[in-house]
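Working notes, beginning with the structure itself.
The values are calculated or read from the model by the stated rules, or taken from the named source; none is laboratory data. What you are looking at is a predicted structure, and each value in this text was computed from that prediction instead of being measured. We place every Cβ from the backbone using ideal geometry, glycine too, and count neighbours over all the protein chains shown.
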């Protein structure tokens, strides 16, 4: 029985540590719950299981993050094309979690992310042209949906896009939360529909919301007095770790 696996003390500890750590990283940087949680969950669960477990905490923590700073409706109006593109793509691509080999894409995406981080850090003066933001958002949304279908890390293209728009710390945190929320809901539904999330996974994922929110609140309080420059350094560090994590998972 699937519930029997989750009832093991080791499994419970893995889930607790994964989501407490994932919430903490997300609270500090606005992103990174899969980055922190997936490697820990891999000690006791398969990749599809781990992705299923993360799905509900991602939805709830992003609701919390999106409503905490305000301005969520402005994000919806500005980035609705991106959100629609990623939601539609994820609804179809989520089936790849149980049908495709993710190795090559993880290695490629991880390498691309690391290169992008260095480009942003070293030559961080680049700014995406405002006149191209609308069509750029659609392209980013589709790319994020394709990547999320096999790796669950659909946030990478979105994060890079927002960073290139030079939004402030508070704008970034609110924007990423709203966009992630619009992506996570159809993704979770898709996982369940395609059999990547079983009822037991959904129950445990719902319970994991508690340590995830606790970690989120701790991280949010730690970052509250940090200026935009320091926040950008933290963000780049998280992205670099995310790239390395993807490469290690691919290997």
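Odds and ends about this structure:
- For the residues 239, 244, the requirement of being buried (at least 17 other Cβ atoms within 10 Å of the Cβ) and assigned to a helix (DSSP H, G or I) singles out 239.
- Checking residue 77 against (1) part of a helix (DSSP H, G or I); (2) at pLDDT below 80; (3) farther than 21 Å from residue 188 by Cα, the condition it does not meet: (2)
- Qualifying residues in the range 99-131 (those that are out of contact with any helix residue (DSSP H, G or I) (no Cβ under 7 Å at 6 or more places or on another chain) and part of a loop (DSSP other than H, G, I, E, B)) - the one modelled with the lowest pLDDT: 123
- For the range 2-10, the criterion of being more than 17 Å from the chain's Cα centre (by Cα) and not in a helix (DSSP H, G or I) is met by at least one residue.
- Any hit, the range 170-183, residues being over 14 Å from the mean Cα position of the chain (by Cα) and either surrounded by fewer than 24 Cβ atoms within 10 Å (Cβ to Cβ) or closer than 22 Å to residue 239 by Cβ (or both): yes
- Qualifying residue in the range 81-98 (condition: part of a loop (DSSP other than H, G, I, E, B) and either crowded, with 19+ Cβ neighbours inside 10 Å or at pLDDT below 75 (or both)): no
- Residue in the range 196-203 that is crowded, with 23+ Cβ neighbours inside 10 Å, under 15 Å from the mean Cα position of the chain (by Cα), touching a residue at least 24 places away in the same chain (Cβ under 8 Å) and assigned to a helix (DSSP H, G or I) present: no
- Residue 192 vs. criteria buried (at least 19 other Cβ atoms within 10 Å of the Cβ) and part of a helix (DSSP H, G or I): no
- Against the numbered list (1) farther than 14 Å from residue 217 by Cβ; (2) touching a residue at least 24 places away in the same chain (Cβ under 8 Å); (3) in contact with a helix residue (DSSP H, G or I) (Cβ under 8 Å, 6 or more places away or on another chain); (4) part of a helix (DSSP H, G or I), residue 28 comes up short only at (1).
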